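Single-structure report; data block below.
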Amino acid sequence: MANVVGEPVRISICHCLACQRRSGSVFATQARFLREAVSITGMSTVYVRVGDEGGRAHFHFCPHCGDTVYYEPQALPDFVAIPVGAFADPGFPTPTVSVYEARMHRWVVPPPEAEHYP
């Protein structure tokens with residue numbers, strides 16, 4: 001389990017093919033926190049995923065239900081990312097960044113006020 005203190009430093013939508021496959025959806029939404037704001041308890045199963053451009057991330061899954069609990073982007077060692085759905089909070093803040101939009105499904109509409117990256 002991942003517990004956090006404070007607000008995320010970034011909430012983003014990723015449309016890359018790796019996130020589409022991993023999430024089983026057409027995009028993944030995650031909240032990034034400073035590592036010191038996150039405390040991890042319990043066990044997890046780890047899978048190292050290689051992204052579209054070769055970057056690696058260590059994904060930690062619940063060994064009982066298979067849910068992604070958190071992940072650690074190798075290129076960002078000071079941060080921990082947590083899927084927004086793991087919070088089970090419909091009031092969670094809106095994403096402020098949308099990345100890999102070149103791979104976005106044509107019917108997806110990210111928040112217009114978000115930063116947009118191809």
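The values are calculated or read from the model by the stated rules, or taken from the named source; none is laboratory data. Remember, it's a predicted structure, so these values are computed and weren't measured experimentally. FYI the Cβ positions are ideal-geometry reconstructions off the backbone, even for glycines, and counts take in every protein chain you see.
Summary table
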{"read-out": "Residue pairs meeting the criteria (Cβ under 8 Å; at least 6 apart or on separate chains; first among the polar types (S, T, N, Q), in region 70-87; second at pLDDT below 95 and not in a strand (DSSP E or B))", "value": "Q74/G55"}
{"read-out": "Residue list for region 8-55, restricted to those being closer than 15 Å to V80 by Cβ and free of Cβ contacts under 8 Å to residues at least 24 places away in the same chain", "value": "E36, V46"}
{"read-out": "Count of region 1-52 residues which are surrounded by fewer than 18 Cβ atoms within 10 Å (Cβ to Cβ), under 13 Å from F79 (Cα atoms) and among the aromatic types (F, W, Y)", "value": "0"}
{"read-out": "Failed item in (1) touching a residue at least 40 places away in the same chain (Cβ under 8 Å); (2) closer than 19 Å to M1 by Cα; (3) assigned to a loop (DSSP other than H, G, I, E, B), with P93 passing the rest", "value": "(2)"}
{"read-out": "Odd one out for A86 among (1) of a type in the set (A, V, I, L, M, F, W, C); (2) buried (at least 18 other Cβ atoms within 10 Å of the Cβ); (3) out of contact with any Phe, Trp or Tyr (no Cβ under 6 Å at 6 or more places or on another chain)", "value": "(2)"}
{"read-out": "Residue match in region 99-114 (condition: part of a loop (DSSP other than H, G, I, E, B) and farther than 19 Å from V26 by Cβ)", "value": "yes"}
{"read-out": "Number of the condition not met by E36 [criteria: (1) modelled with pLDDT of 95 or more; (2) outside any loop (DSSP other than H, G, I, E, B); (3) within 14 Å of the chain's Cα centre (by Cα)]", "value": "(3)"}
{"read-out": "Complete set of residues in region 46-90 that are part of a loop (DSSP other than H, G, I, E, B), over 20 Å from S25 (Cβ atoms), in contact with a strand residue (DSSP E or B) (Cβ under 9 Å, 6 or more places away or on another chain) and among the acidic types (D, E)", "value": "D78"}
{"read-out": "Selected residue (only one of V99, V84 is among the hydrophobic types (A, V, I, L, M, F, W, C), modelled with pLDDT of 95 or more and in contact with a Cys (Cβ under 8 Å, 6 or more places away or on another chain))", "value": "V99"}
